Amino acid sequence: MLLLVAVGGWWVGARTAGPAYALGNGLALTPPMGWNDWNSYGCSVSDSLIRQTADKFVSSGLAAAGYQYVNIDDCWMQHSRDSSGNLQPDFAKFPSGISGVAAYVHSKGLKLGIYEDAGTATCAGYPGSLGHEAQDARLFASWGVDYLKYDNCNNAGQTSQQQYIARYTAMRDALAATGRPIVFSICEWGSSSPWTWGANVGNLWRTTGDISASFSSMLSIYRRNVTLAQYAGPGAWNDPDMLEVGRGMSTEEDRTEFSLWAEMAAPLLAGNNLVTASATTLSILGNKAVIAVDQDALGKQGREVSSSGGLHVLTKPLSNGDASVVLFNENSGAATISTTAAAVGKTGSATYTLNDLWTGAVSSTTGTISASVPGHGVVMYRVSGGSSSPSPSPSGSASPSPSPSSSGSGVPVACRVSDVISKWDTGLTANITITNSGSATVSGWSLAFTLPSGQTISNGWNATYSPSSGQVTATNVSYNGTLPPGGSTTIGFQATHTGNAAAPAAFALNGAPCAVS
Ligand code: GLA
């Protein structure tokens with residue numbers, strides 16, 4: 001039966017049942033692959049950068065390996081709308097407008113992404129789409145845009161979960177009403193647990209604050225994102241932010257990020273300068289065996305089957321019955337990591353074949369899967385043979401396991417924080433990882449700190465912040481209130497500043513002063 005029904009202003013054909021507000025746009029059935037300019041170029045985005053990147057996707061073979069979306073981030077427009085209320089491209093950066101660059105990208109067989117914000121202004125201060133959703137979506141569609149990253153700055157204080165859903169749903173419906181297939185990327189930094197509502201609204205949702213090009217930033221994002229496997233599936237992905245491959249981590253660490261992101265069925269959006277990328281960087285981004293894990297049609301996000309002392313074992317079931325297994329060593333020295341075929345969901349055979357996805361070596365095992373893994377490194381196997389059990393042994397705990405080396409100080413409540421700040425002219429993003437280095441489990445926490453003068457918090461995630469300047473207290477939200485000894489959580493905020501972009505200081509967890517590392 002063919003029905004036409006109105007769903008939130010969105011006319012959907014041939015839909016007879018299903019959740020009233022299901023996204024169902026048929027896009028991103030495997031995680032999106034592409035590139036985004038922000039991490040390497042900030043506001044220096046331009047027509048020539050986008051064209052050169054598209055050319056490089058083709059000439060390097062990355063397009064053939066699956067990379068498709070060339071995404072423009074913030075700062076592509078003028079500071080005001082035109083007399084009809086339309087957004088205007090910055091013609092100094094984009095002389096032929098967004099439609100011109102879209103046509104070029106399409107001529108290379110690729111797709112174009114753009115950026116806007118579910119608030120009154122973007123993070124860099126350009127006009128936002130709040131209240132202009134229909135007009136802006138129509139404009140994007142008319143330009144030939146294929147992907148929208150929709151950010152959360154300057155959100156007019158609309159920060160209850162209901163208001164998050166309403167702001168993002170308004171753009172979902174506006175995009176649908178254009179009739180053009182446009183991947184919808186929710187970027188609200190994990191603020192309102194978007195994994196619980198994102199599948200009905202967008203194709204992917206950021207789970208954390210911004211990544212930076214360091215192992216510690218990548219690790220803290222991994223720790224949060226890996227716990228959210230149950231929410232991901234075809235058309236609906238957890239987004240741990242862009243790849244930092246080729247942007248300053250070691251080669252080992254770059255391989256680690258690429259492997260972990262693929263194992264977590266994350267979007268693979270490169271963030272480096274592709275035009276001058278080294279052969280090593282291109283070979284990491286272009287590892288087809290690892291990409292095949294990310295893009296596997298079953299669309300399951302990998303889970304941890306064990307995690308102890310910084311040594312992690314992950315498994316991801318694949319559509320042909322194989323399992324992808326990552327042995328990940330977050331510590332700095334080499335370590336042996338071991339698991340078994342049964343633990344990663346493979347049973348029913350006397351021997352299994354292990355394909356090492358980085359070296360290409362093939363070996364076999366009667367059950368034990370074990371390797372020496374370099375510090376900050378991974379060994380990644382595709383395991384075949386036998387049959388796959390429907391659900392591999394579940395992870396012991398949803399949160400990171402205590403690391404013996406970092407706990408047991410003897411003091412019941414002690415803490416360590418590390419904060420990563422990224423700044424621009426008038427704003428900054430801080431991601432703060434809090435580690436319980438005491439001997440007692442903390443149930444319900446508040447982190448006090450001093451915000452440098454001239455800074456005001458405009459948005460926060462994974463905690464509630466009060467007041468917004470001066471002596472601030474961040475209080476846990478429902479899902480991260482328990483910190484076992486050695487356990488950690490990452491919270492973050494964006495702040496405006498007037499010339500003082502220094503890091504927050506004088507941290508104390510439930511009254512106990514924290515070491516800063
Ligand atoms: C936020 C987003 C980033 C980037 C910037 C642009 O911080 O999380 O990924 O889009 O805004 O201003």
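You can think of it this way: the chain between THR426 and VAL362 has 17.8 nm of extra reach, that is 0.36 nm per residue less the Cα-Cα gap. Measuring between alpha carbons in the structure, the pairs from LYS56/LYS316; LYS108/LYS423; LYS108/LYS316; LYS149/LYS300; LYS56/LYS300; LYS93/LYS288 lying more than 25 angstrom apart are LYS56/LYS316; LYS108/LYS423; LYS108/LYS316; LYS56/LYS300; LYS93/LYS288. Split the accessible area of the range 429-517 by element, probe 1.4 Å, and carbon with sulfur accounts for 55%.
Is the shape of the range 303-398 rounded, prolate or oblate, going by the alpha carbon gyration tensor and its root eigenvalues a ≥ b ≥ c, with a/c under 1.5 for rounded and a/b larger than b/c for prolate? In terms of gyration-tensor shape, oblate. Alpha-carbon geometry of the chain: the Rg and the Dmax are 22.7, 73 Å, given in that order. For the range 406-516, the convex hull drawn through the C-alpha positions has a volume of 77 cubic angstrom per residue. How high is the relative contact order of the range 303-398, in percent, counting Cα pairs under 8 Å that sit 6 or more residues apart? Over the range 303-398, the number comes to 35 percent.
Based on DSSP H segments of at least four residues, each scored -39500 (n - 2.57), the chain has a per-residue ellipticity at 222 nm of -5500 deg cm²/dmol. Take every Cα pair under 8 Å whose residues are at least 6 apart in sequence, average their separation, divide by the length of the range 406-516, and the relative contact order is 37 percent. Neighbours of LEU298, meaning other residues whose beta-carbon lies under 11 angstrom from its beta-carbon, give a summed charge of 0 when Lys and Arg score +1 and Asp and Glu score -1. Per-peptide packing, taken as the mean over residues of other Cβ atoms within 10 Å, places 159-169, 467-477 in the sequence 159-169, 467-477 from highest down. Unpaired Cys in the chain, meaning no second Cys C-beta under 4.7 Å: CYS187.
Protection proxy ranking of 196-209, 61-74, by the mean of other Cβ atoms within 10 Å over each peptide's residues and highest first, is 196-209, 61-74.
Working from Cα pairs under 8 Å separated by at least six residues, relative contact order for the chain is 11 percent.
The values are calculated or read from the model by the stated rules, or taken from the named source; none is laboratory data. Every value quoted in this text rests on a predicted model; they were computed, and no experiment measured them. Every residue, glycine as well, gets a Cβ built from its backbone with ideal geometry; the counts of neighbours run over all protein chains shown. Just the protein is used for accessible areas: all its heavy atoms, side chains included, with ligands, DNA and RNA removed. Shrake-Rupley method; radii C 1.70, N 1.55, O 1.52, S 1.80 Å.
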